[in-house]
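Encoded as structure tokens, the structure appears first; notes follow it.
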Amino acid sequence: MKHSLLTIIAIFTVCLGAQGSTVRGFFNWSDPGSLSPAFPAPNADNRYGEYISNVTFSDNGVTVMVNDDDVKEKSQCARFLYGYLTQAVEMRAYHNSDIIITAPEGMVVKRVQFTGAKADANYLTPYDENSAFNGQEWSTEQPVREVKFYVEATINCNSITVICTEAAGVEDIVADADAEAATVWYTLSGIAMNEKPSTPGVYVRRQGAKVSKVVIKD
């Protein structure tokens, strides 16, 4: 018993120590030339910039990509755009595309901050059912290396900031009480469903105290 207790203490010590390492990835869509890879910026005279479908952008080992495989029209693929109203360069992504964010090897994504006129929880739905998305900030206590957001409606995004920490963490060995609770599914209008939906769409999933929007795709 004494040996087991010392082992648990050692595990917690190692896990807590690992949380000290943090990596920040910053993707400034308003300045495409600062990105890696770099792109030319559109302007008031040439409003429409280049398409960036499935281009992997990286900063400090963090990567961001807009997957447009489910977008049928070329004109609806992600691109840079000069906004007449905002007078600034934006990254525009359209309905049915996915924004995929990946942490460096050995790390997990903890927080994602979006900026832009239309880049928040009203336009983006995370695939991670156990995360929180309030306003323009997404966060999770779960150790996830890749985070995906479903674009429900056209977004105008100026930047994305990603905060990552080392993969080892206390959450790896702490049981989540909500994991034992029954899962209930609802339509967006609040109607309870008898089982997990199979029809593509956006639904509400509740398990214990956790409530989240979930995308069901083909």
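The values are calculated or read from the model by the stated rules, or taken from the named source; none is laboratory data. Just so you know, these numbers come straight off a predicted model, no measurement behind them. We place every Cβ from the backbone using ideal geometry, glycine too, and count neighbours over all the protein chains shown. Protein only, heavy atoms only, side chains kept; ligands, DNA and RNA dropped before computing areas. Shrake-Rupley method; radii C 1.70, N 1.55, O 1.52, S 1.80 Å.
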Sort 26, 149 by accessible area with a 1.4 Å probe, largest first.
-> 26, 149
Report the calculated FRET efficiency for residue 48 and residue 148 (r = Cβ-Cβ distance, R0 = 25 Å), to the nearest 0.05.
-> 0.40
Here, the range 63-218 modelled as identical Cα point scatterers in vacuum has Debye log10 I(q)/I(0) at q = 0.12, 0.16, 0.19, 0.20 Å⁻¹ of -0.57, -0.97, -1.26, -1.33
Pairs beyond 30 Å (Cα-Cα), from 74/210; 74/110; 118/210; 148/210; 72/118 = 74/210; 74/110
Along the range 92-100, what does the Karplus equation 6.51 cos²θ - 1.76 cosθ + 1.60 (θ = phi - 60°) give for ³J(HN,Hα), rounded to whole Hz, x for Gly and Pro?
-> 10, 10, 10, 3, 5, 8, 10, 9, 10
Find the accessible area per residue for the range 18-73; the probe is 1.4 Å, ligands and nucleic acids are left out, and the unit is Å².
-> 53
